[in-house]
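Shown next, in structure tokens, is the structure this report addresses.
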Amino acid sequence: MKLSTKWFLGDAVCELTPLKLEDKRGFFSEVYQNNSFEEIGIKDHFIQENHSYSKNKYTFRGLHFQKPPFEQAKLVRVLRGSIIDIAVDLRVNSPTYLQHRLISLSAENFKQVYVPIGFAHGFLTLEENCEISYKVSNPYDQASDVSVSIFDEDLAIKLPCTKEQMTLSEKDRDGEHIKSLGEIFL
């Protein structure tokens with residue numbers, strides 16, 4: 001498997017573009033191969049794959065993470081549409097603590113994002129009818145699930161829409177402020 005990679009936030013978050021073999025029939029791509037990922041330093045064992053559909057443009061999901069011992073690494077890709085993917089470093093001892101990265105993902109650009117344990121993650125759809133697939137390294141645990149407010153001024157995340165234009169769940173609209181979390185990931 002051949003991957004093009006770019007690393008961000010202290011070489012923790014990775015943008016990956018798998019090789020796409022195209023011909024008159026269409027294309028084939030190996031989008032995940034454990035040994036290839038290990039070779040570039042991604043050693044998480046993904047145990048579940050989720051499929052998310054968002055009907056409206058500017059639907060926001062996140063910023064989510066799970067507390068230990070149910071923390072999750074994620075591998076995210078877009079099957080239809082386009083999104084801005086967001087990763088926020090929550091590792092207290094990291095030189096990039098509370099910094100974030102916005103990465104454009106689309107079915108067209110074929111990029112994926114690896115978000116390691118210790119990061120909050122979310123995405124904003126940029127068009128209607130977006131479908132996202134993402135692998136996780138631990139199952140969902142409601143008691144350890146946390147939503148951080150995308151509107152937290154301490155994070156200063158700039159999005160291409162207003163709060164009023166966004167479609168959010170109640171959980172995400174009422175997300176916690178970063179200062180209320182304490183030290184979760186050291």
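In a shell of Cβ-Cβ distance under 15 Å around residue 170, excluding residue 170 itself, what net charge do Lys and Arg (+1) and Asp and Glu (-1) give? Don't skip to the answer; put the middle values down first.
Numbers: positive: 61, 163, 171, 173; negative: 145, 172, 174, 176.
Taking every Cβ under 15 Å from that of residue 170, the sum is 0.
Within 10 Å, at most 15 other Cβ atoms, and a DSSP state outside H, G, I, E, B define an exposed site. Report the longest part of the chain free of exposed trypsin sites (Lys or Arg not before Pro). Present the calculation step by step, with values, prior to reporting the outcome.
Values: sites that count: 2, 20, 24, 25, 43, 55, 158.
Result, exposed sites excluded: 56-157.
Summing Lys, Arg as +1 and Asp, Glu as -1, what charge do residues with Cβ under 15 Å from the Cβ of residue 33 carry, residue 33 excluded?
Values: positive: 2, 20, 43, 77, 135; negative: 30, 38, 39, 44, 49.
Result for the local shell: 0.
For the residue pair residue 97 and residue 161, what label-to-label distance in nm results when each label sits 7 Å from Cα along the Cα-to-beta-carbon direction?
Each label point lies 7 Å from its Cα, and together they span 3.3 nm.
Can you compute the FRET efficiency between residue 23 and residue 109 using 1/(1 + (r/R0)^6), with r the Cβ-Cβ distance and R0 = 30 Å? Round to the nearest 0.05. Present the calculation step by step, with values, prior to reporting the outcome.
Working: r = 20 Å, r/R0 = 0.67.
E between residue 23 and residue 109, to the nearest 0.05, is 0.90.
If you find the alpha carbon centre of region 106-182 and of region 37-51, how far apart are they in angstrom?
Computed from Cα coordinates, the inter-centre distance equals 19 Å.
Assigning unit charges at the beta carbon (Lys, Arg +1; Asp, Glu -1) and nothing else, what dipole magnitude in debye, to the nearest 20, does region 44-180 show about its Cα centre?
Numbers: 16 positive and 19 negative charges, 51 e Å.
Computed charge dipole of region 44-180: roughly 240 debye.
Calculate how large, on average over all directions, the projected area of the Cα convex hull of the chain is; give the answer in nm² to one decimal. Mind showing how you got there, number by number?
Details: hull surface 42.8 nm².
Convex hull of Cα atoms, orientation-averaged projection: 10.7 nm².
Set the bar at 18 Å for Cα to Cα. Now go through 67/163; 57/163; 135/179; 20/111; 6/158 and name every pair that lies beyond it. Provide the component values of the computation, followed by the final result.
On the way: 67/163 27 Å; 57/163 13 Å; 135/179 28 Å; 20/111 11 Å; 6/158 22 Å.
Too far apart for the 18 Å limit: 67/163; 135/179; 6/158.
Every number here is computed from the coordinates shown, using simple stated rules; none is lab data. Only a predicted model underlies this, so the values are computations on that prediction, with no experimental measurement involved. Every residue, glycine among them, receives a Cβ derived from its backbone with ideal geometry; neighbour counts consider all protein chains shown.
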